[in-house]
1. For segment 154-168, what are the residues that are closer than 18 Å to residue 117 by Cα and either outside the structural domain of residue 118 (by TED's automatic domain parsing) or touching a residue at least 40 places away in the same chain (Cβ under 8 Å) (or both)?
2. Collect the residues in segment 388-414 that are in contact with a helix residue (DSSP H, G or I) (Cβ under 9 Å, 6 or more places away or on another chain) and outside any strand (DSSP E or B), keeping them in residue-number order.
3. In segment 342-382, how many are over 24 Å from residue 92 (Cβ atoms) and not in a loop (DSSP other than H, G, I, E, B)?
4. Can you name the residue in segment 33-57 that is touching a helix residue (DSSP H, G or I) at 6+ places or on another chain (Cβ under 6 Å) and within 20 Å of residue 383 (Cα to Cα) and is also surrounded by the fewest Cβ atoms within 10 Å (Cβ to Cβ) among such residues?
5. Working only within segment 13-46, note down all residues that are more than 39 Å from the chain's Cα centre (by Cα) and part of a loop (DSSP other than H, G, I, E, B).
6. Being at pLDDT below 95 and at negative phi, is that true of even one residue in segment 404-426?
7. In the set 365, 335, 302, 345, which member is over 15 Å from residue 116 (Cα atoms), surrounded by 20 or more Cβ atoms within 10 Å (Cβ to Cβ) and modelled with pLDDT of 95 or more?
8. For residue 2, which of the numbered conditions (1) modelled with pLDDT of 95 or more; (2) in a loop (DSSP other than H, G, I, E, B) fails to hold?
């Protein structure tokens with residue numbers, strides 16, 4: 001006898017949607033185990049024919065999947081190893097005091113954290129892989145942003161970043177310019193005139209589309225040399241990111257002091273400082289980056305606080321997007337959890353000062369990410385994708401601190417700029 005084959009209907013009436021009941025799970029498992037006790041491979045016939053069913057039977061040890069969709073079934077099952085991730089890193093969840101949250105008190109500092117490509121499914125995957133909660137999910141003021149650019153249903157990071165930074169929608173690939181290519185004043189440039197310190201921290205190249213949108217003005221995001229020149233001529237108090245090779249001429253003729261370590265940032269009393277994490281691409285968490293983003297955020301905040309001036313800090317968790325483009329589930333989850341570590345530092349700082357507003361959002365969603373199955377106790381996530389590109393899905397916006405409730409609701413991404421002006425009482 002080559003194999004043992006039984007009708008699934010003898011053990012369960014499950015239709016392949018949802019989950020087997022505990023009683024049916026026991027019956028089905030016993031049937032499979034009994035067949036295997038005879039040293040024979042096993043299959044069910046007349047069984048549910050869905051992705052959920054295929055994975056269930058695979059996990060239970062069925063040797064042959066009975067299906068009318070052999071190509072789709074084999075494609076799905078063969079991709080499981082790359083799409084199922086058991087998480088091993090964590091973000092220690094910080095519970096805010098809420099003492100300043102939603103209060104109608106003045107704001108001195110603003111921290112804007114942008115998870116590039118960090119849609120609701122990406123956030124959900126990080127939450128569930130982190131044991132069911134993040135520091136981010138402790139925040140109570142929540143809304144959604146519509147992310148369409150001026151020329152496309154689906155934005156890119158340049159147009160998305162520019163909308164957040166300047167308050168105007170623009171075309172894809174534009175950095176700090178309007179739909180006609182005319183430079184627009186960014187929130188950082190506006191606040192510098194008002195006596196604020198300003199800073200950018202990113203796990204991307206510092207000339208990447210999102211950070212560049214806050215200090216540069218170029219018609220095309222690939223004009224790296226021009227963007228680098230804009231940074232060197234900017235009034236930023238602090239920058240940290242990758243890509244030192246983009247600055248071949250160095251900073252010798254600028255007012256920036258380039259430091260050698262994150263610890264040096266907090267100690268520095270210079271007016272303008274910079275730190276490069278890498279010559280080219282910043283390593284990912286999976287490739288040994290460690291706790292760099294949170295440490296950079298913490299030390300950056302100490303540097304800014306020591307200036308005894310109000311400040312605006314933008315922190316980007318850039319590689320959630322990179323791994324979304326690659327349809328890489330482990331990367332999305334690990335970068336999302338790492339981003340929460342930086343959020344934790346921002347919320348702790350907000351609680352210490354009482355006059356700091358923290359805003360957490362995304363420029364867009366990447367990859368049409370979905371979470372069909374998982375296990376919270378085992379920190380296991382199965383992810384799936386609809387595209388290798390960005391999507392037009394709305395992205396969440398969370399906020400914490402004085403007047404944070406103003407950021408609740410559903411609105412266009414460029415409105416974030418105007419709401420920041422509103423809460424800072426800037427005419």
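The values are calculated or read from the model by the stated rules, or taken from the named source; none is laboratory data. Quick caveat, the model's predicted, so the values are computed rather than measured. Methodologically, a virtual Cβ is constructed for each residue, glycine included, from the backbone with ideal geometry; neighbour enumeration extends over all protein chains shown.
1. 154, 155, 156, 157, 158, 160, 161, 162, 163, 164, 165
2. Listed by number, the residues that qualify are 388, 389, 393, 394, 401, 402, 403, 404, 406, 407, 413, 414.
3. We begin by selecting, within segment 342-382, every residue over 24 Å from residue 92 (Cβ atoms); these are 355, 363-370, 372-373, 382.
From what is left, the residues that are not in a loop (DSSP other than H, G, I, E, B) are 365-366, 370, 372-373, 382.
Qualifying residue count, segment 342-382: 6.
4. First, the residues of segment 33-57 that are touching a helix residue (DSSP H, G or I) at 6+ places or on another chain (Cβ under 6 Å): 42, 44, 46-47, 51, 54.
Filter once more, so that each one left must be within 20 Å of residue 383 (Cα to Cα): 51, 54.
Working: 51: 18, 54: 24.
Residue satisfying both the conditions and the ranking: 51.
5. Correct list: 13, 38, 39, 40, 41, 46.
6. yes
7. Answer to the selection: 345.
8. Failing condition for residue 2: (1).
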